[in-house]
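Engineer: So that we are looking at the same thing, I have put the structure below in structure tokens.
The values are calculated or read from the model by the stated rules, or taken from the named source; none is laboratory data. None of these values were measured; they are calculated from a predicted model. For neighbour counting, all protein chains shown are included, and Cβ atoms are generated from backbone atoms with ideal geometry for every residue, glycine included. What goes into the accessible areas is simple: the full protein's heavy atoms, side chains included, and nothing from ligands, DNA or RNA. Shrake-Rupley method; radii C 1.70, N 1.55, O 1.52, S 1.80 Å.
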Amino acid sequence: MITAVKTPEFRTYNRQECITFRKTAERFGGLSNMAGGYLLNVNGIKILTSEALYQTCRFPHLPEVQQLIIAERSPMTAKMRSKPYRDNSRPDWDLVRTRIMRWCLRVKLVQNWNKFSKLLLDTRDLPIVEDSRKDDFWGAKPDDEEILTGANVLGRLLMQLREQLRHGEISRQAIIEPLDIPDFLLYGQPIPPISGELPLANYTSILDFNKLVDQPISEEFSSDVSKNELDLHVRNIDSLQENLTEVKKSKQSQYDTFQIMLPYIIESLLNSEHTDKELAELFEIPLKLMRSWLNRATKLGKIKKLSKPVRYVSESQLLLFN
């Protein structure tokens, strides 16, 4: 038996009374599923955007298509990659897609807690609307310069998530359970509960390191600090905090923040190219400091600087594609 899909109610919004987003570079562009800098990890698989995660959920029975989508470095090309296969989407797609989108947003939040929770709360109590030229299901389309009309399902899901965040119904420590739907799979494997313990996306800001270890930050490497104390290969926020606490216990007066963060920078560039500004925003540090680190990493041969436009890429990534 085929269950009828209920059409969501269309609503009208005045731009002047809403938070709207269309381009990812805008003030609230991070609300978009296309926004970069919100890395995800599901089943141990790195996924660059919530858009890519959402699109993979169309094809639990086609892991090879999921791989094609996740391999794309641009969220738009990830979306376009799914188009030729959409006639073969999971049969209940129209019934479950809103639940899947809600789940994707929750994963995005817990795995990018500092950045995404702040962005959601910065919208205050205003309606959130995706301003779209074509899509009046997930967003709302312009009627004129001031009025937008559509179901705005994505905006409404974001507002719902904002309320859950505000009332403590979801927290940094939340475990996002898999959806109770048939064949909720990634690469043929069931998707397990998701936690926020993700390197890169959910670690404490570098600006808070002094508070964690109560020591001055030095740009120069201190040879007195051992490799074990720095533990350059920590893989989540807990181990990073423990590592910095060990530095504090060692009573060293200086340590090299660059040496601690270098593996994280390299890992972010394994996924895709980034500008210095994008990396500074991702790691929540001053642009000048990030540029200093990128220069050092380039001289060490760990990353490569590309031009037109200027951006950076991991040397390991170059080896994979050459």
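Engineer: Rg/Rh for region 49-92: what does it come to with C-alpha atoms and Rh from Kirkwood?
Structural biologist: Values: Rg = 9.2 Å, Rh = 10.0 Å.
We get a ratio of 0.92 for region 49-92.
Engineer: Skipping prolines and chain starts, which residues have an amide H placed within reach, meaning under 5 Å, of the one on residue 186, given they are 5 or more residues away or on another chain?
Structural biologist: 191
Engineer: At 1.4 Å probe size, what's the solvent-accessible area of residue 310? Round to the nearest 10 Å².
Structural biologist: Answer for residue 310: close to 70 Å² accessible.
Engineer: Let me ask something additional. Just to confirm the filter: which GluC sites (Glu not before Pro) across region 1-61 are DSSP coil and have at most 16 other Cβ within 10 angstrom of their Cβ?
Structural biologist: Those that pass, being in a loop and sparsely packed, are 9, 26.
Engineer: Kindly provide the pair-distance distribution of region 1-140 built from C-alpha pairs, with 5 Å bins from 0 and whole-percent values in order of increasing distance.
Structural biologist: That works out to 2, 9, 17, 22, 20, 15, 10, 4, 1, 0, in percent per bin.
Engineer: Restricting to DSSP loop positions (anything but H, G, I, E, B) with no more than 15 other Cβ atoms inside 10 Å of their own Cβ, which trypsin sites (Lys or Arg not before Pro) remain in region 111-193? Please list the in-between numbers first.
Structural biologist: On the way: sites: 115, 118, 124, 133, 134, 156, 162, 166, 172; in loops: 124, 133, 134, 172.
Hits after loop and neighbour filter: 124, 133, 134, 172.
Engineer: From largest accessible area down, sort 171, 132; use a 1.4 Å probe on the protein chains.
Structural biologist: On the way: 171 45, 132 20 Å².
Accessible-area ranking of 171, 132, largest first: 171, 132.
Engineer: If you don't mind, another one. In Å, the Kirkwood hydrodynamic radius of region 20-91 over pairs of distinct alpha carbons? Mind dumping the intermediate values first?
Structural biologist: Values: mean 1/r = 0.0798 Å⁻¹.
Answer for region 20-91: a Kirkwood hydrodynamic radius of 12.5 Å.
Engineer: Given 277/299; 83/277; 108/141; 134/305; 115/288, which pairs have Cα atoms separated by over 30 Å?
Structural biologist: Working: 277/299 19 Å; 83/277 32 Å; 108/141 25 Å; 134/305 37 Å; 115/288 20 Å.
From the list (277/299; 83/277; 108/141; 134/305; 115/288), the Cα-Cα distance tops 30 Å for 83/277; 134/305.
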